[in-house]
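Single-structure report; data block below.
Only the coordinates and a few stated rules stand behind these numbers; no lab work does. Note that the coordinates shown come from a computational prediction; the quantities given were computed from them, not determined experimentally. Cβ placement follows ideal geometry from the backbone for every residue including glycine, while neighbour counts extend to all protein chains displayed.
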Amino acid sequence: MPLFETARAVSTTDQVDPDSVEFFNVHNKIADRAGLAWQPHCGLEQANLFSSTSFSTTQTIVPSLMNPNMPGLEITVNTTVAPGGGQTLTVIIDHFDFVTATYFPAETIGTVTGTGQSVFQTAVPVPQSWRVRVVPSGAGTWTASGSYSSLAALKQAVAIVSLPTTTNAGTVAVTLDYDTGGGTQAQTIFGIALPASGGSVAGGTDTDPIVVKEKRSATPTRTSVASTTTPGTTILAANANRLGAMIYNNSNQTLFLAFGSGATTTDFSVSMTKESVTEVPFNYTGVITGVWSSANGSARITEFT
């Protein structure tokens, strides 16, 4: 008997509705010729994967479920007997490679740790052909049954981030509460790895923090340093809490100022003529040193914290 009872002329612009009777009939005939039990899965679907079974070795379940348009799966495992002793069941979704005609592990969607109902959802789109493997971690005997439901959309991990108030710029600790969507794909946010189980991650850090509002100073501290010809004289000590600073050369001699240690008249960052002002740039919080061309007057410093 021919594969198609009725032949008709088609063009490259012909389209077939995947939910139509024609689409179903054609694919059903192709599946029959290939020895497969093709299922349309037009819309949401629920079905048993395996009835209650006792096992102690890997179970490969439903070797071929054709899937034209299910974006995701929800797998339910009902366990009535567990061996205990820390043994687990790992639930794995395999995808089919039509080139090599073999299955390969695509996603580990969850782990069963004891009796009861365990529900897992895929985070990776499900292809046309897939299967489920349930893998015991030890030699103990399990008794379980399973079913699946198709999902209209994949769930994605969502994180709610709390940024605490900090007194200084720099590393910011964050607490994360999130939903993994049931998958076990590696998830990160702000460079912080999120465990697959979901929940909270306390004490994680973001080394490149988001600036919510620039911190402003209301605390100026005024000091002065007498002029000297001694190289590397400290004008302003390092201060991690510094938000800004300004230096006024209250002298009729040139002040050679260096951001860092060891200022000399030939090795400096900026030369300040008499009665000039320099503001500390780029949120610099390190030491500032200086030396005058001749001793006269002083440097007047205002530091903001």
note = Site ASN239, offset 7 angstrom along Cα→Cβ, radius 15 Å on amide nitrogen, limited to region 262-289, gives 279-281, 283-289
remark   = Among region 70-112, those whose backbone N falls under 12 Å of a label point 7 Å along Cα→Cβ from THR57 are none
ask   = Net charge near ILE247, counting Lys/Arg +1 and Asp/Glu -1 over other residues with Cβ under 9 Å of its Cβ?
value = 0
message = Can you compute the label reach from VAL225? Point 7 Å from Cα along the Cβ direction, backbone N cut-off under 11 Å, restricted to region 253-293.
response = 256-264, 287-292
message = Can you sort ARG242, ARG222 from fewest to most other Cβ atoms within 10 Å of each residue's own Cβ?
response = ARG222, ARG242
Backbone HN-Hα couplings from phi across region 275-291 [Karplus 6.51/-1.76/1.60, Hz, Gly and Pro as x] = 6, 9, 10, 10, 9, 6, x, 6, 6, 5, 10, x, 6, 10, 10, x, 7
